[in-house]
Protein chains: 2
Amino acid sequence: MEEAIFIFKNYIQQSAPIDESGFEQLSKYLKSKKVVKGQLLLRAGEVCKSSFFTAKGLLRSYTIDKQGKEHIIQFSPEGWLVADRSSSFFNEPSFLYIDAIEDSDIVYIDNLFFDELSKQCSDFSLFNINSLHHHIKQIQNRVNLLLGASAEERYLDFIRLYPELLMRIPQWMIASYLGITPESLSRVRKELYRK
Amino acid sequence: MEEAIFIFKNYIQQSAPIDESGFEQLSKYLKSKKVVKGQLLLRAGEVCKSSFFTAKGLLRSYTIDKQGKEHIIQFSPEGWLVADRSSSFFNEPSFLYIDAIEDSDIVYIDNLFFDELSKQCSDFSLFNINSLHHHIKQIQNRVNLLLGASAEERYLDFIRLYPELLMRIPQWMIASYLGITPESLSRVRKELYRK
DNA sequence: CGAGCGCTTGATTGAGTTCAAAAATCGTGG
DNA sequence: CCACGATTTTTGAACTCAATCAAGCGCTCG
């Protein structure tokens, strides 16, 4: 079994007690791929047919607004899954782009994989509901920050939540995630050093 | 059966084919209450033990930030459910306040109601997953607007999505929902008339 | 009928953007 | 391994959108 798939299997087994042969059966829905920095995995307008598990490397999802500006929605380092849940679930065109920030080993997981796994394994359904709630909590927190916190507060929140990503992600992408310009983030950081 | 509970039963039956006696059994988890304008149903810091179904009237959920400013998260008119999903699911203290914008008829739905209903009725589980995805889609859209749209664009989006609420909600609350001040919203509106 | 609340309007301020350019860092081919 | 071009980060100055502060108007409801 390929390394990336193996890592993914371990990830799944944390939440769903599926045996070797059961996993074997579902493996037809999995594809391991190496992607290079900058490579697109999902383009806005497409329906999101699969999720992406990062075995090694780093992905990002982002939107592009009317003025052509990127807004990063999520980073996805090792051990994370990324996809456009809404697009997958409702079978609608996605608004998201997903691409690689680093050369990465990715498992492409067809949507059917999760459907089948849910049927076979009720623990996984619970896990799925759990992760939907986590997702809501995370986005809701982001809304709160965008509504009520300054650029500096949002940056401090980011380094509190994702300290390990700080050195891997270029600053202009962090700025994009925070909803500010790279120049503003640079000034925020300068101000923080001063203190 | 009280009017409000009856309306709620119809609401549930749209998604879960539950019979009269089944509903009867679960009705111990329901309480119908009349609340007056301004009355608090949930306070930040409390664990959210129930959801609130609006049979008649209008609720709102909101947070209060460090500077003491309110930020409205959601409006809940007739036929809507509101709660702090994260708080209910993870059994954590809520960040939300929920109160009544109008005198309202509300059904208090104990969290156990949904647990039981899910067990008895698999259609309802599907409905629940569906509504979690809708929720994610809605919040995600809000993040996109906060990241990439001007005050005017956000207001236009609001009146497109909730035209029927416009006359029922005071302007300063709409401003709070949009993440701007009442003064700014007043100016945005003036500008839109001019066009 | 008056007190309070919500909305508007004006003047001023301020956080963050934009534009421009220099400085630092990265990465890649010779 | 170094050099050079590209990308990223920093810095500066002007600007802009929305916030703040302040005042006045109009409604309603007690």
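Here are the numbers for this structure:
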{"item": "Residue satisfying all of: in the range A:156-181; loosely packed, with under 14 Cβ neighbours inside 10 Å and either near DNA strand D (Cβ under 8 Å from one of its atoms) or aromatic (F, W, Y) (or both); nearest to A:K56 (Cα to Cα) among these", "result": "A:P170"}
{"item": "Which numbered condition B:S122 misses (of (1) of a type in the set (G, A, S); (2) touching a residue at least 40 places away in the same chain (Cβ under 8 Å); (3) away from DNA strand D (no atom under 16 Å from the Cβ))", "result": "(2)"}
{"item": "Strands (runs of 3 or more DSSP E) lying entirely in the range A:4-86 (those with 2 or more residues that are surrounded by 14 or more Cβ atoms within 10 Å (Cβ to Cβ) and within 14 Å of another protein chain (Cβ to nearest Cβ))", "result": "A:58-64, A:70-77"}
{"item": "Any hit, the range A:94-116, residues being more than 10 Å from every other protein chain (Cβ to nearest Cβ), among the hydrophobic types (A, V, I, L, M, F, W, C), part of a strand (DSSP E or B) and closer than 30 Å to B:F114 by Cα", "result": "no"}
{"item": "Filtered residue count, the range B:82-118, keeping only those that are within 12 Å of the chain's Cα centre (by Cα) and acidic (D, E)", "result": "2"}
{"item": "Selected residue [within 20 Å of the chain's Cα centre (by Cα), more than 9 Å from chain A (Cβ to nearest Cβ) and either over 20 Å from B:H71 (Cα atoms) or not aromatic (F, W, Y) (or both)] from B:L166, B:L132, B:L185, B:L156", "result": "B:L166"}
{"item": "Residue under evaluation A:G148, criteria (1) within 12 Å of DNA strand C (Cβ to nearest atom); (2) buried (at least 17 other Cβ atoms within 10 Å of the Cβ); (3) touching a residue at least 24 places away in the same chain (Cβ under 8 Å), criterion not met", "result": "(3)"}
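Throughout, read-outs are computed from the coordinates displayed, never taken from laboratory work. Everything numeric in this text was worked out from a predicted model, so none of it was measured. Reconstructed Cβ throughout: ideal geometry from the backbone, glycine too, with neighbour counts over all protein chains shown.
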